[in-house]
1. Note down the net charge around VAL82, summing +1 for each Lys or Arg and -1 for each Asp or Glu among other residues with Cβ under 12 Å from its Cβ.
2. Multiply the residue separation of THR155 and HIS107 by 0.36 nm, subtract the distance between their alpha-carbon atoms, and state the gained length in nm to one decimal.
Amino acid sequence: MRNGWRWSLAAASLLLVTACNQHNGAALNPAAQGNPPLADVRIEMRPVAEVGEPGVEVRFAHGETVKLANPPVFTTGAIASVRQVVNEDGKANVYYAFTDAAAPRIHSATERLVGRTMVLTVDGEPISRANLSGPFGESMMTSGLEADEATALVTRITGRP
């Protein structure tokens, strides 16, 4: 079961992380409805390393290996809550709301990284990758997943579907 959803997430991950603007308002802020990540889940977002830049190699479920730059833009401790929303077309989004303390630091880091390819990992496993089109700090989302894939991801991160 785990390998099945891992493959689906990796296959669907090419352009799935979308940054939410700093001033989106409550509509995109999942803090009120989401759940915090489990203490033992390691979530990180890092840019793909540029040529000659040191980093950490990770392998997608489909076999591709990429090198990710140090340090991470954010880790689990920066995440206040996570939740899933299913669109009318049956595709799902996973929203990540960041803590008030982490938001300014994440915004500053992502401002410098616009245009770079970013990879979200959960327990060292790459979940999604996308080009960063703009800075974010309050929240972000992983989009384009099938509902069952998003449920599996949210359950893995929070312990709750």
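1. Values: positive: ARG83, ARG156, ARG160; negative: none.
Every neighbour counted, the sum reads +3.
2. On the way: separation 48, 0.36 × 48 = 17.28 nm, distance 2.67 nm.
Length difference between fully extended and current span is 14.6 nm.
Rule-based calculations on the coordinates, nothing more; no lab input. Small disclaimer: the values here were computed from a predicted structure and weren't measured. We place every Cβ from the backbone using ideal geometry, glycine too, and count neighbours over all the protein chains shown.
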